[in-house]
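The structure under discussion appears below in the form of structure tokens.
The values are calculated or read from the model by the stated rules, or taken from the named source; none is laboratory data. Just so you know, these numbers come straight off a predicted model, no measurement behind them. Note that we place each Cβ from the backbone using ideal geometry, even for glycine, and neighbour counts take in every protein chain shown. Protein only, heavy atoms only, side chains kept; ligands, DNA and RNA dropped before computing areas. Shrake-Rupley method; radii C 1.70, N 1.55, O 1.52, S 1.80 Å.
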Amino acid sequence: MQVRFSHISLAFTPDKDTLHDLNFTINDGELVCLLGPSGGGKSTTLNLISGLLVPTKGKVLFDNQDVTKMGPSERKIGMVFQNYSLYPHLTVENNIAFPLKIAHWKKADRLARAAKLAKLVHVEDQLQKNVNELSGGQQQRVAIARALAKDPNILLLDEPLSNLDARLRMEMREEIRRIQQETKITTVFVTHDQSEAMHISDSVMVLHNAQIQQYSKPNELYDHPANQFVASFIGDNPLNTFDRSLLDDTELKEELGEVYDKATTVGVRAENIVLTKSEDTYQHGVRCKLLKSHRYGLISTRLYSFKGIELDATGLTEIHDINEEVEIYFQKRGFFLFDASGNNLFLE
Ligand SMILES: Nc1ncnc2c1ncn2[C@@H]1O[C@H](COP(=O)(O)OP(=O)(O)OP(=O)(O)O)[C@@H](O)[C@H]1O
Ligand SMILES: [Mg+2]
């Protein structure tokens, strides 16, 4: 099922749009993550797809059919939430089959369907257990199976893994991807964890300030962020940012060319600071002093001082002393210029 938003706005209060003029298409069979900080409108967007919320303006279309005024059951949606919301007094089997019971399926049919779905989500050996005897990950599997029971058009998941510990989260995100690929169901997954979104999605929609900041393939977000917000939000290390004017008296300014004058802010990823120039870097570096250095596991982090501001650098292996002055170089792929509105001026 293809999902399309056409000029969707939603205002909870008359004076402010929580979402403003959203336009996007989610293609049939895709897994799309809605990503963004708390309050960015992820759940609101999901609820507009489900039919739990009705937009103030615009249209929601499923395969070109206008479903704006339809409720969740008419839209044939399967939903999974953070807290699983399973029925604690029922077995795994009866939890999965519950929506089918409500829909008056015959007992044999619904148990057969529950068994099939239990197999899909790998809880087939737990069918007769009570759900509160299961681990968090297993409970989430049951919740997914239950959401799929009525063969929905779309599967919607709102932060389904946030109750799980880090290791289980990683395992379950792969599981969600596997289940989605096996069923080929159009899936929308809400998370505020950029790494989770980057790992499992066909496309990622970054929501912030009532708007879509960028909607593209995961690597595209990292390689070509549309603006400073996306560049800062995506990536495992912090994005260093500083005022463009700090480069005004450097040769790097000349090397950057005409676009330099339109920029107000420079962004450079911590992993793209190096100590030797190459064809991947700009040929002119800047002089810095090493303030401190520490290593945690595989990652070494250094803090350099450049004209009174601090720059984080990760992944450097060359050793030099604290307070020693060195020339650092910026790799082009992690170096950005932003204009006054925060838009990426795209150097290459
Ligand atoms: N029912 C409501 N009435 C009024 N305001 C609401 C309502 N639901 C959400 N909001 C507001 O809309 C904005 C977006 O909320 P939403 O729940 O979509 O954010 P989110 O991105 O899902 O955040 P989180 O990561 O914290 O779940 C927030 O400012 C929130 O306070
Ligand atoms: Mg939310």
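Within segment 126-139, residues that are within 11 Å of Tyr87 (Cα to Cα) and assigned by TED's automatic domain parsing to the domain that holds Asn95 have Cβ atoms under 8 Å from residues that are modelled with pLDDT of 95 or more and of a type in the set (S, T, N, Q) in these pairs: Asn130/Thr91; Val131/Thr91; Val131/Asn95, counting only partners at least 6 apart in sequence or on another chain. In summary, helices (runs of 4 or more DSSP H) completely within segment 1-111 and bearing 2 or more residues that are open to solvent by 30 Å² or more (accessible area, probe 1.4 Å) and within 16 Å of ligand 2 (Cβ to nearest atom) occur at 42-50. Pairing each residue of segment 243-263 that is modelled with pLDDT of 95 or more with any residue that is of a type in the set (S, T, N, Q) and not in a loop (DSSP other than H, G, I, E, B), provided the two are 6+ apart or on different chains, yields C-beta distances under 9 Å for Asp243/Thr265; Arg244/Thr265. Of the residues that make up segment 291-314, is at least one among the hydroxyl-bearing types (Ser, Thr, Tyr), open to solvent by 40 Å² or more (accessible area, probe 1.4 Å), under 24 Å from the mean Cα position of the chain (by Cα) and under 27 Å from Ala226 (Cβ atoms)? No, every residue in segment 291-314 fails to be among the hydroxyl-bearing types (Ser, Thr, Tyr), open to solvent by 40 Å² or more (accessible area, probe 1.4 Å), under 24 Å from the mean Cα position of the chain (by Cα) and under 27 Å from Ala226 (Cβ atoms).
Selection of strands (runs of 3 or more DSSP E) fully inside segment 152-208 by the criterion of at least 1 residues being farther than 25 Å from Arg113 by Cα and over 11 Å from the mean Cα position of the chain (by Cα) returns 203-208. Please indicate, with yes or no, whether at least one residue in segment 210-222 is within 16 Å of ligand 1 (Cβ to nearest atom), outside any helix (DSSP H, G or I), open to solvent by 10 Å² or more (accessible area, probe 1.4 Å) and under 15 Å from Gly78 (Cα atoms). No: segment 210-222 contains no residue that is within 16 Å of ligand 1 (Cβ to nearest atom), outside any helix (DSSP H, G or I), open to solvent by 10 Å² or more (accessible area, probe 1.4 Å) and under 15 Å from Gly78 (Cα atoms). Applying the set (1) open to solvent by 10 Å² or more (accessible area, probe 1.4 Å); (2) within 16 Å of ligand 2 (Cβ to nearest atom); (3) touching a helix residue (DSSP H, G or I) at 6+ places or on another chain (Cβ under 7 Å) to Glu159 leaves exactly one unmet item: (3).
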